[in-house]
Amino acid sequence: MRFEIMRLDDVDGSAVDSTVVDAASVNRMVQQAAAVGQRIYIRPAENSAS
């Protein structure tokens, strides 16, 4: 399963950028965001044909 992780703006909470990662990478991304106090939003990625 793949997840989209969006980095959120500190002021208004809007998505600044996003990346799609596999399930094994989600924990690492969460740990990195927590280490620097970054706000993120995680959701299942939409299925793609590629």
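The convex hull defined by the C-alpha atoms of the chain has an orientation-averaged projected area of 3.6 nm². Over the chain, Cα pairs under 8 Å with separation of 6+ residues give a relative contact order of 47 percent.
Determine the gain in length on full extension of the stretch Val11-Ala23; use 0.36 nm per residue of separation and subtract their C-alpha separation, reporting nm with one decimal. Can you show the working numbers first?
Details: separation 12, 0.36 × 12 = 4.32 nm, distance 2.85 nm.
Net length gain for the segment: 1.5 nm.
With the other protein chains left in place, how much accessible area per residue, in square angstrom, belongs to the chain at a 1.4 angstrom probe? Walk me through the numbers before you get to the answer.
On the way: 3790 Å² over 50 residues.
On a per-residue basis, 76 Å².
Quick check: the angle from helix 23-36's long axis to the longest principal axis of the chain, C-alpha only, nearest 10 degrees? Around 10 degrees separate the two axes.
The values are calculated or read from the model by the stated rules, or taken from the named source; none is laboratory data. Computed from a predicted model, the values in this text were never measured in an experiment. SASA here: full protein model, heavy atoms, side chains in, ligands and nucleic acids out. Shrake-Rupley method; radii C 1.70, N 1.55, O 1.52, S 1.80 Å.
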